[in-house]
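A short worksheet on the structure shown next.
The values are calculated or read from the model by the stated rules, or taken from the named source; none is laboratory data. These numbers come from a predicted model, not from an experiment. Here the Cβ is made from the backbone with ideal geometry for all residues, glycine too, and neighbour counts use every protein chain on show. Keep in mind that these areas ignore ligands, DNA and RNA; they rest on the heavy atoms of the full protein, side chains included. Shrake-Rupley method; radii C 1.70, N 1.55, O 1.52, S 1.80 Å.
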Amino acid sequence: MDNLAPAISPPSGIGDSKPTHQAVLDWVQEVARLTEPENIFWCDGSEEENAWLLGEAQRLGVVLKLNEQKKPGSYLHRSNPNDVARVEQFTLICTPTKEEAGPTNNWAEPAETYTKLHGMLAGAMKGRTLFVVPYIMGPPDSPLTKVGFEITDSIYVVLSMRIMTRMGSVAVKRLGDDPKGEWNRGVHSLLDVNPDRRLICHFPQDNAIISVGSGYGGNVLLSKKCLALRIGSYLARKQGWLAEHMLILGVESPDGRKHYVAAAFPSACGKTNFAMLIPPPHFKGWKVTTIGDDIAWMQIGKDGRLYAVNPENGYFGVVPGTSYKSNPNAMKSIEHDTLYTNVALTDDGDVWWEGKDGPPPAHAIDWKGNDWTPDSKEKAAHPNSRFAVPMRNNPVLDPDVEKGEGVPISAIIFGGRRSDTMPLVFQALDWNHGVYLGATMASETTAAATGAVGQVRRDPMAMLPFCGYNIGDYFRHWIGIGKRLTNPPLIFDVNWFRKGADGKFLWPGFGDNMRVLKWIIDRCEGSDGAVKSPIGWLPGMHDLDLAELEIDHKCVAELLGVDHGEWQKELVEHKRFFDSLGGVVPDELLQQGEALTSRFKS
Ligand code: GTP
Ligand code: SPV
Ligand code: MN
């Protein structure tokens, strides 16, 4: 299977939805002159168009149709084995000065980078079809919603964008013919899928993105990390809102009180799972619903609260580990109309991955297309294999997901993957302390990006790979938003991943995270069930509802413990991190660090 496919010739009525916006037409012509495609396919996002493209993608071996009885409407794609995750070292922020990109981004000079990319793109689409994908990010009637156009030479990207965004005429309509309308220009070409010619470049001042040499996920679905987060965060700062790497969930009590919370966990640290959690039986009558599983755009409402929308229309979720035991709602979502990438194919045309319910198949084709048996040394599915699925498939989709003004956020949660130091949950003392928690957050690296896995690194607000401008200004923006919120959400920190001396997770996680969520909601409703510690408010031993959970008292004590030895090291790391940013950290956060240190001394 390959990403690269020759040009396709649509029948009349398909691929000819040319928009009328002159700047869009001029830009497409300009890119076509440069890349020299065989033809241009104007996408409208219709059912007919999608069906025809799926047929062509199968014919050309870009996707494989799964067994219609077992996985109706579903397909498998295998990416090039050299191209299976985001590439942070080749992700560039191209701003006029290096300072604007800041100490955490790879900066490149815009003019030079355009020249280099244009050189790479010259003639790149020869013999291929150039697809124009119009899309919007955000509910159609939200003031936050943004229009984007992605040019791509990958059918897989078109098929994925139709799942992940609201694609086609809705975008063309929203932009209209206003020459001053704001829209993002995204250009993607597979080139020869060569890691040496792979670059994901952002030009925030031009609202433009150019991605070359990859065919995988966040590198090429330009709506997602590129527009909704990197360019999005830049626009958000300029326009006074927040673009964050956060899930958004609704939680309703048996007597009908409803809260929404937003949570920032780094890649592959549990956002999709938390956003769809099913409360344990003890929490009878409690309901969790999903607004979004990866990205939140938030603005300040007239009542001084923070309101969030999910800019996306689908989920691009981690497959391995997903099972009826860990995440039944995700499993139900991916039973049909799902585009799988890099999972294993069973002999009966179904899919399989490590951590799925039941025994492994006796034989399968692994993610690279090779024979696989349970005796094989290699994994059947890539650790970063993914599903792309419309959010409509989610049985617990929140009814307010299309609400243009968004949903009011009662709590913001930060959380990383930490074997030690960080307790299961604690609450910040106030907004700026919460910003400090987010800014100093750390997590063990995962397979979602190329590079070593399991190394603790600072990942402020889970935005390290996604903040499109200077991280110091980003911290300042957060502090500024706090000043404008007359009714701010409370801020919490969680860690589902603390391990005991035996190296095993101390906390069962998944559905049982409801127990932590319940404490958070209680705190939002004014409960005083908490004890003050140097790091913030912790639940006391009896403040977490652990009924019907088999867990050792010692484990709970360990989970809620603040080990002063570990924290002395942690404080050193906070300081080391802030120092490494070279003087951009706002005074408010430096003061938070000093206050934290002194609380440990008193
Ligand atoms: P991205 O899509 O990369 O942004 O990831 P994500 O943050 O949505 O993470 P996801 O929910 O897909 O979970 C990633 C991995 O963490 C999967 O292997 C899950 O099984 C595992 N995981 C999720 N929640 C928990 C939890 O509460 N406890 C434990 N131990 N593992 C979890
Ligand atoms: C992440 O890595 O945070 C993802 C997957 O959500 S990707 O879209 O590839 O960035
Ligand atoms: Mn993500």
For the stretch 297-311, does any single residue satisfy the condition of being within 11 Å of ligand 1 (Cβ to nearest atom) and on the phi < 0 side of the Ramachandran plot? no
Taking N487 as the residue in question, decide whether it is outside any strand (DSSP E or B), away from ligand 3 (no atom under 16 Å from the Cβ), polar (S, T, N, Q) and under 26 Å from L559 (Cα atoms). no
Within the stretch 295-321, the residues that are acidic (D, E) and more than 15 Å from ligand 3 (Cβ to nearest atom) are D303
Could you go through the stretch 12-27 and let me know if any residue there is closer than 30 Å to F475 by Cβ, more than 25 Å from the chain's Cα centre (by Cα) and not charged (D, E, K, R). no
Of all residues in the stretch 334-350, count the ones that are open to solvent by 30 Å² or more (accessible area, probe 1.4 Å) and more than 15 Å from A380 (Cα to Cα). 4
Suppose we keep only residues that are open to solvent by less than 30 Å² (accessible area, probe 1.4 Å) and away from ligand 2 (no atom under 16 Å from the Cβ) within the stretch 260-284. Which one would you say is farthest from P508 (Cα to Cα)? Y260
Of everything in the stretch 230-256 that's part of a helix (DSSP H, G or I) and over 18 Å from I300 (Cα atoms), which residue is nearest to the chain's Cα centre (by Cα)? R230
Among G582, G536, G500, the single one that is in contact (Cβ under 8 Å) with a residue 60 or more places away in the chain and touching a Leu at 6+ places or on another chain (Cβ under 6 Å) is G536
Looking only at the stretch 257-283, and only at residues there that are part of a strand (DSSP E or B) and either within 16 Å of ligand 3 (Cβ to nearest atom) or not aromatic (F, W, Y) (or both), the one that is nearest to R457 (Cα to Cα): A264
Conditions first: (1) open to solvent by 30 Å² or more (accessible area, probe 1.4 Å); (2) of a type outside the set (A, V, I, L, M); (3) within 23 Å of the chain's Cα centre (by Cα). S74 passes all but one, so which condition is the exception? (1)
Go through (1) within 12 Å of ligand 1 (Cβ to nearest atom); (2) farther than 30 Å from S410 by Cβ; (3) open to solvent by 10 Å² or more (accessible area, probe 1.4 Å) and name the single condition W353 misses. (3)
Is it the case, given these coordinates, that S154 is at pLDDT 95 or above, hydroxyl-bearing (S, T, Y) and closer than 23 Å to L53 by Cβ? yes
Having 2 or more residues that are of a type in the set (S, T, Y) and open to solvent by 20 Å² or more (accessible area, probe 1.4 Å) is the bar; report the helices (runs of 4 or more DSSP H) wholly within the stretch 90-208 that clear it. 110-121
(1) within 21 Å of V84 (Cβ to Cβ); (2) over 20 Å from the mean Cα position of the chain (by Cα) all hold for V319 apart from (2)
I'd like to know if the stretch 316-333 contains one or more residues that are part of a loop (DSSP other than H, G, I, E, B), more than 15 Å from ligand 1 (Cβ to nearest atom) and open to solvent by 10 Å² or more (accessible area, probe 1.4 Å). no
What residue, of V157, V147, is in contact with a Leu (Cβ under 7 Å, 6 or more places away or on another chain), in contact (Cβ under 8 Å) with a residue 24 or more places away in the chain and under 24 Å from R237 (Cα atoms)? V147
Does the stretch 359-382 contain any residue that is over 28 Å from M167 (Cα atoms), aliphatic (A, V, I, L, M) and within 16 Å of ligand 2 (Cβ to nearest atom)? yes
Output the residues belonging to the stretch 242-259 that are more than 16 Å from ligand 2 (Cβ to nearest atom) and open to solvent by less than 10 Å² (accessible area, probe 1.4 Å). L242, L249, G250, V251, S253
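One line per residue, one yes/no per condition, for (1) assigned to a strand (DSSP E or B); (2) within 16 Å of ligand 2 (Cβ to nearest atom):
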position: E405; (1), (2): no, no
position: P408; (1), (2): yes, no
position: A411; (1), (2): yes, no
position: F414; (1), (2): yes, yes
position: T421; (1), (2): no, no
position: F426; (1), (2): yes, no
position: V435; (1), (2): no, no
position: G451; (1), (2): no, yes
Examine the stretch 14-35 for a residue that is within 16 Å of ligand 1 (Cβ to nearest atom), part of a helix (DSSP H, G or I) and modelled with pLDDT of 95 or more, and state whether such a residue exists. no
What pairs come up if the first residue lies in the stretch 452-480 and is on the phi > 0 side of the Ramachandran plot and in contact (Cβ under 8 Å) with a residue 24 or more places away in the chain, the second is open to solvent by less than 30 Å² (accessible area, probe 1.4 Å) and assigned to a loop (DSSP other than H, G, I, E, B), and their beta carbons are under 6 Å apart, counting only those six or more places apart or on different chains? A462/H245; A462/F265; A462/P266
Tell me, yes or no, whether the stretch 349-365 has at least one residue that is in a loop (DSSP other than H, G, I, E, B), in contact with a Ser or Thr (Cβ under 9 Å, 6 or more places away or on another chain) and within 14 Å of H77 (Cβ to Cβ). no
Hey, can you tell me all the residues within the stretch 166-190 that are of a type outside the set (D, E, K, R) and in contact with an Asp or Glu (Cβ under 9 Å, 6 or more places away or on another chain)? M167, G168, S169, V172, L175, N184, G186, V187, H188, S189, L190
